[in-house]
1. Residue by residue, what Karplus-based ³J(HN,Hα) values in Hz, rounded to whole numbers, does segment 115-129 have, using 6.51, -1.76 and 1.60 with θ = phi - 60° and x for Gly and Pro?
2. What does the charge dipole of segment 40-212 about its Cα centre add up to, to the nearest 20 debye, if the Cβ of each Lys and Arg holds +1 and the Cβ of each Asp and Glu holds -1?
3. What 222 nm value per residue comes from the helices of the chain, counting each DSSP H run with n ≥ 4 as -39,500 (n - 2.57) and dividing by all residues, nearest 500 deg cm²/dmol?
4. Express in % the proportion of alpha carbon pairs of the chain at distances exceeding 33 Å.
5. Rank Leu109, Leu47, Leu155 by mean-square fluctuation in a GNM of the chain with C-alpha springs under 10 angstrom and give only the top-ranked residue.
6. If I build a Gaussian network model for the chain, linking alpha-carbon pairs within less than 10 angstrom, which residue out of Thr49, Thr106, Thr181 has the largest mean-square fluctuation?
7. Can you give the angle from 0 to 90° between the axis of helix 41-54 and the longest principal axis of the chain, with both taken from C-alpha atoms, to the nearest 10?
8. If you look at just the Cα atoms of segment 73-181, how large are its Rg and its Dmax in Å?
Amino acid sequence: MSSREEVLRRVREALGGDRGVRPPVPRGYARRLTEAEAESRADVVALFTERVADNRAAVRHVGADEVGTAVAAALWGRETKQIVVPADLPFGWLAELDGVRALADTPALDLDTLAAADGSVTGCALAVAQTGTVVLDGGRAQGRRALTLVPGYHLCVVHADQIVGTVPEAVGRLDPARPLTWISGPSATYGIEAARVEGAHGPRHLEVLVVED
């Protein structure tokens, strides 16, 4: 039997052979964090914070009444002059801005305007503690995907009650029909010499504000 025939045989076998009955796919995923990983809700949030930092993103905890101040401080710290935001971003998140121009994405901003912006500010659909990932689905306070892929800096506000333990938990809560963007740290890739290059297909800098409600 040739290599080609062997490959085709395995494909047919995986598809159930002539009977068209596919064998069951093992799905023994860990759907919850173990007690060793997180005993309490506070531990889930703490694990998320740790993993976000491991992913080379900046992360801070703020109170629910401090979001506007924290957003302003993050943007001032980067000497930001102009940002782009979803049209439905909560007004209070930008209420403390002074000297920073916020452009709402309505009507949709062109790519040149997005590229010229110093950054973007959004919320998220949910976040995953185990991987330090934030997930956007184009819903409230998130906007379209270009808002977070074109500017070089992304400030994401995550409420503590949006943080789930594992990826299977996240998948169970998300709508697969929506445009899902999974973000685990700044955009990065590795070249042929294994050199890390950031900003190859998204923002070079990610900052996360975890809001303790």
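1. Those phi angles translate into 5, 7, 5, 7, x, 9, 10, 9, x, 8, 7, 6, 9, 10, 5 Hz.
2. Approximately 300 debye in magnitude.
3. Calculated at 222 nm, the ellipticity per residue is -7000 deg cm²/dmol.
4. So the pairs more than 33 Å apart make up 27 percent of the total in the chain.
5. Leu109
6. Thr106
7. Computed tilt is about 90 degrees.
8. Every Cα atom of segment 73-181 included, Rg and Dmax give 14.2, 42 Å.
The numbers here are math on the coordinates, done by the rules we state, and not lab data. Treat the numbers as computed from the prediction; the structure is a model and nothing was measured. Note that we place each Cβ from the backbone using ideal geometry, even for glycine, and neighbour counts take in every protein chain shown.
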